[in-house]
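A quick write-up on the structure given underneath.
FYI, it's all coordinate maths here, none of it is from the lab. Keep in mind that this is a model prediction, so the values were computed, not measured. Every residue, glycine as well, gets a Cβ built from its backbone with ideal geometry; the counts of neighbours run over all protein chains shown.
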Amino acid sequence: MKKIIAGNWKMNGSAASLRTMLDAIAPVQTENTIIICPSFTMLNTTVPANVKLGAQDISEYESGSYTGDVSAKMVADMGAKFVIVGHSDRRKNHGETNETVAAKAATALAHGLTPLICVGETREQKESGQTMTVIEELVRKSIPTKPSAPIIIAYEPLWAISTTGIGLTPTHDDIRAVHGHIAKILGDMGLDGTVILFGGSVNGNTAAEIMAIEHVDGVLVGAKSLEPNDFIPIIKAV
Ligand code: PGA
């Protein structure tokens, strides 16, 4: 089955390293959808036919007096087709609430961008057995009412993220259970068939098995999306 493999470059890389990555991916034969999300400053670049660009955030507003912010229209104008919204870095460092995230996702859709809406529980929430309730609330509240086009959900347990968590990936049973739960909630919301990605310390050795789990439609990769030697094996894993 076709999978989505998205790279979240966070605040890393350069125009030159993005070029190196795109040139390295260009000859790779794959049915999968490959998305790279570099910083805003690198979006305006030519991509090979097998790669799509995504932004890492957008403003929830259309335009106006929001110094330093970047609108959905601007990133679409630079060639982005996707945008990550509600990444845990944004929720934590910029105080983004579910409501902000839903507003950003709605703005993305209005400009023809597909939002990758991130949800995930903290280590404390997991250890106190709250994962399913926390995820349900995040999913229900971070999705705009009646989205006008498909959205993507990315389940990223905060504790599993390589740089800000403890870098441990959940067991396959845990991933299967949470993805199944998300699929059911999406079904209840009338959003059957919504793509659900997994993120958190995914690498070339773990990607194939993770993507074989039911309701895992692809991966969102951070650290291992920055170098072709790390990222290309993930693209080729399925
Ligand atoms: P990681 O990051 O793959 O480095 O754990 C994933 C993410 O934060 O999107």
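Taking the number of other C-beta atoms within 10 Å as the exposure measure, put Thr107, Thr33, Thr164 in order starting with the fewest.
By the 10 Å Cβ count, ascending: Thr164, Thr33, Thr107.
Can you compute the modelled spin-label distance between Asn229 and His94, with each label point 7 Å from Cα toward Cβ, in nm?
3.3 nm
Pulled fully out, how much extra length does the chain show between Glu127 and Ser63, if you take 0.36 nm times their separation in residues and subtract their Cα-Cα distance?
Using 0.36 nm per residue and subtracting the Cα-Cα distance, I get 18.9 nm.
Assuming R0 = 25 Å, can you tell me the calculated FRET efficiency for the pair Lys236 and Ala177, based on Cβ-Cβ distance, to the nearest 0.05?
Computed FRET efficiency for Lys236 and Ala177 comes out at 0.35.
Mind jotting down the distance between the C-alpha centroids of region 1-32 and region 68-118, whole Å?
20 Å
Between Thr163 and Ala110, what length comes free when the chain is fully extended (0.36 nm per residue of separation minus the Cα-Cα distance, one decimal in nm)?
Full extension from Thr163 to Ala110 adds 15.8 nm.
Summing +1 for each Lys or Arg and -1 for each Asp or Glu, what net charge is found among the other residues whose Cβ lies under 14 Å from the Cβ of Thr30?
With Lys, Arg at +1 and Asp, Glu at -1, the neighbours total +3.
To check my understanding: the extent here is largest minus smallest coordinate of the Cα atoms along each principal axis. What are those three numbers for the chain, in Å, largest first?
Projected onto the principal axes, the Cα atoms of the chain cover 44, 44, 30 Å.
Using a ≥ b ≥ c from the Cα gyration tensor of region 1-62 (square roots of the eigenvalues), is it rounded, prolate or oblate, where a/c under 1.5 gives rounded and otherwise the larger of a/b and b/c decides, a/b for prolate?
The shape class here is oblate.
Which number gives the lysine pairs in the chain that have C-alpha atoms under 19 Å apart and are eight or more places apart or on different chains?
27
Provide, for q = 0.20, 0.21 Å⁻¹, the log10 of I(q)/I(0) from a solvent-free Debye sum over equal Cα point scatterers in region 1-127.
Taken in order of the listed q values, log10 I(q)/I(0) reads -1.16, -1.24.
Neighbour counts of other C-beta atoms within 10 Å: give me His179, His87 arranged from fewest to most.
Listed from fewest to most nearby Cβ atoms, that is His179, His87.
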